[in-house]
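Q: Mind having a look at this structure? Questions to follow.
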Amino acid sequence: MKGKVLILGGDGYLGWPTAMNLSNLGYSVAVVDNYLKRWIFNKLGVIPLIDCPDLQERVNIWKGLTGHEIKVYIGDIGGHDFLINLVKEFQPDTIIHYGEIPSAPYSMLNHNTSWETIQNNLNATLSVMWAIKTIDTDIHLIKLGTMGEYGTPNIDIEEGFIEIEKNGRTDRLPFPKLPGSFYHLSKVQDSDMLYLGVRMWGLRVTDLNQGPVYGIHTDESRIDKENRLIPHFHYDEFWGTVLNRFITQAVVGIPLTVYGKGGQKRGFLNITDTLQCVRLAVQHPANRGEFRVMNQFTEIFSVNELADKVKTVAKSLGLKVAIQNYPNPRKEAEEHHYNAKNTNLMGLGLQPNYLTDNVLIEMLEIAMRNKKNIRQDIILPGRAKWQ
Ligand code: USQ
């Protein structure tokens, strides 16, 4: 056995595929989730493209197909006693923390959802930090952060820290943060808490600042021909990342929803590369007392570039796609400098799976096969309030 990995947020878009990936590689894996996101989907009236069985059912399907066991715990990691008991019982070497509410638009919907996002995310991170401090400070914590912590400054984006010279003195200090939503702010606050834990208690922490992810299948979800192992794939205003949304819009004939001028640039990555990056972090833990920040993306695109790519590839499949500039529901720069480093993960051996036509074709074909599930009334933006 390679080691024990506990995945917080194991029901999510990234948590579940990570669990299968590490399980397949011989790690002993446990997942925990309180199904909060499923509860919020219901509250908002949105659904994923393909229905996901609950965790217990999925681990049974996984065991039936591969023989590998994944342990399931259902509960709230912010409930500190629950988390303490489960960390004591499972005794992980690594904890991967995806257990947060991950939507910028949801955090900008109203006061309740802003507070829900902030308190849920900070409470979860604080609970994990204290569990590690109390039980075993040797546990490596891998935390999913976001590139959105940095915002879009008019200088190149480093990985977590920047060398600053002031009045003849120099220091390596945390890179300035300019988040663009209460969700992104909650990740900034997480990072600040984690760095404090590293300085005070000598924790070993990796903060993965990830850009928007795209993709449906991973190598492991392909094993099940009935598609029961596919993660939650969202295309609605709240949970769908931009490329995933464009794919479903292309299939149902809604003009691609480019917000504003579409010059917004972000660092993107394929879901299979999320798994690769997290795996590299597991295999190469941060040192004790190290707050290691790695920017997790493989390619930088503007929203316009993504829309053009989807339009061109969809055309080759016989789909007629229009692109429309919608009034931007968000407050963000629509034309800006964007040059972010991602050398830390590349240095650990990341082999990027780039956004090729074939990747887009596979996503479009899956969306086309499931076209009857696509709810057109949940696609257009308008409910979140940035303005
Ligand atoms: N956008 C459009 N049209 C759409 C949806 C989005 O033009 O229909 C634009 C947005 O205005 C933004 C960009 O695409 O400029 C990215 O938006 P997104 O919804 O794909 O990504 P975001 O809200 O920033 O959040 C997503 C994930 C989040 C993660 C983040 C990484 O939901 O969990 O932290 O990507 S990053 O964007 O680098 O902060």
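Q: Consider I157 against the criteria (1) closer than 23 Å to W201 by Cα; (2) touching a strand residue (DSSP E or B) at 6+ places or on another chain (Cβ under 7 Å): it satisfies all of them except one. Which criterion is unmet?
A: (1)
Q: Run down F233, F246, F238 and say which single residue is of a type in the set (F, W, Y) and touching a strand residue (DSSP E or B) at 6+ places or on another chain (Cβ under 8 Å).
A: From the options F233, F246, F238, the qualifying one is F246.
Q: Could we say that P381 is within 14 Å of the ligand (Cβ to nearest atom), over 18 Å from T272 (Cα atoms) and in contact with a Gly (Cβ under 7 Å, 6 or more places away or on another chain) here?
A: Against the criterion (within 14 Å of the ligand (Cβ to nearest atom), over 18 Å from T272 (Cα atoms) and in contact with a Gly (Cβ under 7 Å, 6 or more places away or on another chain)), P381 does not qualify.
Q: Moving on. In this structure, does Y195 turn out to be within 21 Å of T274 (Cα to Cα) and either within 12 Å of the ligand (Cβ to nearest atom) or surrounded by fewer than 19 Cβ atoms within 10 Å (Cβ to Cβ) (or both)? Steps first, answer last, please.
A: Details: within 21 Å of T274 (Cα to Cα): no; either within 12 Å of the ligand (Cβ to nearest atom) or surrounded by fewer than 19 Cβ atoms within 10 Å (Cβ to Cβ) (or both): yes.
When the stated conditions are applied, Y195 does not pass them.
Q: Let me ask you something else. Name the residue, out of L380, L319, that is more than 30 Å from I157 (Cα to Cα), surrounded by 14 or more Cβ atoms within 10 Å (Cβ to Cβ) and out of contact with any helix residue (DSSP H, G or I) (no Cβ under 9 Å at 6 or more places or on another chain).
A: Selected residue: L380, the only one of L380, L319 that is more than 30 Å from I157 (Cα to Cα), surrounded by 14 or more Cβ atoms within 10 Å (Cβ to Cβ) and out of contact with any helix residue (DSSP H, G or I) (no Cβ under 9 Å at 6 or more places or on another chain).
Q: Could you list, ordered by first residue, the pairs with Cβ atoms under 8 Å in which the first is in the stretch 371-387 and under 30 Å from L185 (Cα atoms) and the second is surrounded by fewer than 13 Cβ atoms within 10 Å (Cβ to Cβ), at least 6 apart or interchain?
A: If the second residue must be surrounded by fewer than 13 Cβ atoms within 10 Å (Cβ to Cβ), the pairs left are I378/G45; W386/K331; Q387/K331.
Q: Here is a follow-up. Going by the conditions given, is P231 surrounded by 22 or more Cβ atoms within 10 Å (Cβ to Cβ) and within 15 Å of the ligand (Cβ to nearest atom)?
A: yes
Q: Okay, next question. List the number of the failed condition for N110; all other conditions in (1) within 14 Å of the ligand (Cβ to nearest atom); (2) over 18 Å from the mean Cα position of the chain (by Cα) hold.
A: The number of the failed condition is (1).
Q: Here is a follow-up. Any chance the stretch 324-334 includes a residue that's without any contact (Cβ under 8 Å) to a residue 12 or more places away in the chain and of a type outside the set (S, T, Y)?
A: no
Q: Next up: Read through the list (1) within 11 Å of the ligand (Cβ to nearest atom); (2) closer than 26 Å to K372 by Cβ; (3) of a type in the set (A, V, I, L, M, F, W, C), then give the number of the only condition that A322 fails.
A: That leaves (1) as the condition not met.
Q: Is it the case, given these coordinates, that G160 is without any contact (Cβ under 8 Å) to a residue 60 or more places away in the chain, within 15 Å of the ligand (Cβ to nearest atom) and on the phi > 0 side of the Ramachandran plot? Steps first, please.
A: Values: without any contact (Cβ under 8 Å) to a residue 60 or more places away in the chain: no; within 15 Å of the ligand (Cβ to nearest atom): yes; on the phi > 0 side of the Ramachandran plot: yes.
Against the criterion (without any contact (Cβ under 8 Å) to a residue 60 or more places away in the chain, within 15 Å of the ligand (Cβ to nearest atom) and on the phi > 0 side of the Ramachandran plot), G160 does not qualify.
Q: Within the stretch 76-95, identify whether any single residue is buried (at least 17 other Cβ atoms within 10 Å of the Cβ) and within 16 Å of the ligand (Cβ to nearest atom), and answer yes or no.
A: Looking for residues that are buried (at least 17 other Cβ atoms within 10 Å of the Cβ) and within 16 Å of the ligand (Cβ to nearest atom), one finds none in the stretch 76-95, hence no.
Q: Here is a further query. On the given criteria, is D236 over 28 Å from L348 (Cα atoms), more than 9 Å from the ligand (Cβ to nearest atom) and either among the polar types (S, T, N, Q) or modelled with pLDDT of 95 or more (or both)?
A: Answer is yes for this residue.
Q: Restricting attention to the stretch 189-244, report how many residues are hydrophobic (A, V, I, L, M, F, W, C) and either free of Cβ contacts under 8 Å to residues at least 24 places away in the same chain or touching a Leu at 6+ places or on another chain (Cβ under 7 Å) (or both).
A: The number of residues fulfilling the criteria is 12.
Q: Just one of the numbered conditions (1) at pLDDT 95 or above; (2) in a loop (DSSP other than H, G, I, E, B); (3) on the phi < 0 side of the Ramachandran plot; (4) not basic (K, R) is not true of L6; which one?
A: Of the numbered conditions (1) at pLDDT 95 or above; (2) in a loop (DSSP other than H, G, I, E, B); (3) on the phi < 0 side of the Ramachandran plot; (4) not basic (K, R), the odd one out for L6 is (2).
Q: If you don't mind, there's one more thing I want to ask. What is the residue count in the stretch 288-309 for residues that are of a type in the set (K, R) and within 21 Å of the chain's Cα centre (by Cα)? Quick ask: steps written out before the conclusion?
A: Residues of the stretch 288-309 of a type in the set (K, R): 288, 292, 309.
From what's left, within 21 Å of the chain's Cα centre (by Cα): 292.
The number of residues fulfilling the criteria is 1.
Q: A further question on this structure: In a helix (DSSP H, G or I) and under 22 Å from the mean Cα position of the chain (by Cα): is that true of L208 in this structure?
A: no
Q: What residue, among those in the stretch 346-377 that are in a helix (DSSP H, G or I) and of a type in the set (G, A, S), is surrounded by the most Cβ atoms within 10 Å (Cβ to Cβ)?
A: Here is the first cut: in the stretch 346-377, the residues in a helix (DSSP H, G or I) are 346-347, 357-369, 371-373, 376-377.
Among the residues that remain, those that are also of a type in the set (G, A, S) are: 347, 367.
On the way: G347: 11, A367: 25.
Ranking the candidates gives A367 first.
Q: Take the stretch 279-302 and flag every residue that is part of a strand (DSSP E or B) and of a type in the set (G, A, S).
A: S302
Q: I've got another one for you. Can you pull out every residue in the stretch 248-273 that is more than 11 Å from the ligand (Cβ to nearest atom) and either within 21 Å of the chain's Cα centre (by Cα) or part of a strand (DSSP E or B) (or both)?
A: Matches in the stretch 248-273: N270, I271, T272, D273.
Q: When the stretch 35-74 is examined, which residues are found to be under 23 Å from Q91 (Cα atoms), part of a helix (DSSP H, G or I) and among the aliphatic types (A, V, I, L, M)?
A: Across the stretch 35-74, the qualifying residues are L55, V59.
The values are calculated or read from the model by the stated rules, or taken from the named source; none is laboratory data. Only a predicted model underlies this, so the values are computations on that prediction, with no experimental measurement involved. We place every Cβ from the backbone using ideal geometry, glycine too, and count neighbours over all the protein chains shown.
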